[in-house]
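Undergrad: My structure is below; once you've seen it, I'll send some questions.
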Amino acid sequence: MTVKITPGETKIGWIGIGVMGASMCGHLIDKGFAATVYTRTKSKADELIKKGAAWATTPKAVAEQSDVIFSIVGFPSDVREVMLGAEGALAGSKAGNVLVDMTTSEPSLAIEIATAAKAKGVHSVDAPVSGGDVGAKEARLSIMIGGEKDVVNALQPCWEAMGKTIVYQGGAGAGQHTKMVNQTLIATNMIGVCEALLYAYKAGLDLETVMQSVASGAAGSWSLSNLGPRIINNNFDPGFFVEHFIKDMGIALDEAKKMNLCLPGLALSHQLYLALQAQGHGRDGTHALELALASLAGVDWRDR
């Protein structure tokens, strides 16, 4: 490991400033890391620039000014472009730099990036996260990490700035495989949360009172406690986009097929979310599944 990770000395780069990325990068700046940032829409970087971040016009330019380069973008195609493209981060990296992709992406792509980086003397880590917009804002994300263990350990000051549950899972791609486990768990749980609230409504119960009984017992879950109140209040703003969740489930189903696994619950959730997207809710939060299920029952959830 040729780069020592130290706030105040190590220069970070950040690619992708969305629902979660803005908060995550902001925490690193608050901890004393000098940052250079890039996103396709520069205005999204305004708050980080006010915090002292420098702006770069390409991911390659970010890397040229940085020791450790983080990315959290939308789709595997975006990861490939910002990491391996002609104007990507690897093209601007020098030996000893570290590339950290925190996008939920394909395990095979994480391995491809690690292989290409190693050929240039650059380290690569895949570190997808869970916790949504709230977890990002409150710096309590769960971070699932794959890569060289000594490199991962050296990045501990960065992990601690962004997350609370920081677990090394293994070599390149292991972080992404773990995130697929996470998404599979969420997929069917969200069906349960939305169906349960729909049942409570049709039974004439007060939804907030029902939550008092069920959220802290055996039926409790992160999705119920954190997204249930948003559903009740018709707040479907994204902590995580429906279209990105569909992407994640597609990756998990593809990986399952390679392993000769049948995952019918995940497949059902994927189909329901595709229907939700077709109804125009691709840029809403994942808890907007309630709208699709309510529609099947002939309920106008927003006007209930």
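Undergrad: Relative to the longest principal axis of the C-alpha atoms of the chain, give the angle of the C-alpha long axis of helix 107-119, reported between 0 and 90° and rounded to the nearest 10°.
TA: 10 degrees
Undergrad: Right, something else. Quantify how much of the Cα-Cα distance distribution of the stretch 32-116 extends past 22 Å, in percent.
TA: Values: 741 of 3570 pairs.
Above the 22 Å cut-off, the stretch 32-116 has 21 percent of its Cα pairs.
Undergrad: Got a sec to turn the phi values of the stretch 59-74 into Karplus ³J(HN,Hα) couplings, 6.51 cos²θ - 1.76 cosθ + 1.60 with θ = phi - 60°, whole Hz, x for Gly and Pro?
TA: x, 4, 5, 4, 4, 5, 9, 10, 9, 10, 10, 9, 9, 8, 10, x
Undergrad: Once the convex hull of the C-alpha atoms of the stretch 28-179 is built, how many Å³ does it hold per residue, rounded to a whole number? Please report the intermediate quantities before stating the final value.
TA: Numbers: hull volume 15.1 nm³, N = 152.
Roughly 99 Å³ of hull volume per residue.
Undergrad: Okay, helix-only estimate at 222 nm for the chain: each DSSP H run of n ≥ 4 adds -39500 (n - 2.57), divide by all residues, round to 500 deg cm²/dmol; what do you get? Provide the component values of the computation, followed by the final result.
TA: Details: 15 runs with 152 residues, N = 304.
When only DSSP H runs of four or more count, the value is -14500 deg cm²/dmol.
Undergrad: While we're looking at this one, here's another question. Find the Cα radius of gyration of the chain, compare it with 2.2 N^0.38 Å by division, and give the number to two decimals. Don't jump to the answer; show the numbers that get you there.
TA: Values: Rg = 20.0 Å, N = 304, 2.2 N^0.38 = 19.3 Å.
That works out to 1.04 for the chain.
Undergrad: For the stretch 158-248, state the semi-axes of the equivalent ellipsoid (square roots of 5 times the eigenvalues of the alpha-carbon gyration tensor), sorted largest first and rounded to whole angstrom. Show your work: numbers first, answer last.
TA: On the way: eigenvalues 179, 42, 34 Å².
Equivalent ellipsoid of the stretch 158-248: 30, 15, 13 Å, largest first.
Undergrad: Can you list the residues of the stretch 195-230 with backbone N under 17 Å from a point 7 Å past the Cα of Val134, pointing along Cα to Cβ?
TA: 197, 208-217, 219-230, by backbone N distance to the label point.
Undergrad: Here is a further query. How do Cys262, Cys194 rank when sorted from fewest to most other Cβ atoms within 10 Å of their own Cβ? Spell out each step's value before the answer.
TA: Numbers: Cys262 8, Cys194 25.
In increasing order of surrounding Cβ atoms, one gets Cys262, Cys194.
Undergrad: Give me, ordered by chain and number, the residues 5 or more places off Glu148 or on other chains with an amide H under 5 Å from its own placed amide H.
TA: Result for Glu148 returns Ser124.
Undergrad: By count of other Cβ within 10 Å, fewest leading, how are Lys257, Lys50 ordered?
TA: Values: Lys257 11, Lys50 8.
The fewest-first ordering by Cβ neighbours comes to Lys50, Lys257.
Undergrad: Of Lys179/Lys247; Lys120/Lys164; Lys42/Lys179; Lys4/Lys94; Lys11/Lys42, which pairs sit farther than 24 Å apart, going by alpha carbon to alpha carbon?
TA: Working: Lys179/Lys247 12 Å; Lys120/Lys164 32 Å; Lys42/Lys179 29 Å; Lys4/Lys94 15 Å; Lys11/Lys42 20 Å.
Those over the limit are Lys120/Lys164; Lys42/Lys179.
Undergrad: So for Tyr273, Tyr168, fewest C-beta neighbours within 10 Å to most, what's the order?
TA: Listing Tyr273, Tyr168 from fewest to most nearby Cβ atoms yields Tyr168, Tyr273.
All of the numbers you see were taken from the coordinates with simple rules; none came from a lab. Here the structure is a predicted model, which means the values were calculated and not measured. Cβ: placed from backbone, ideal geometry, glycine included. Neighbour counts: every protein chain shown.
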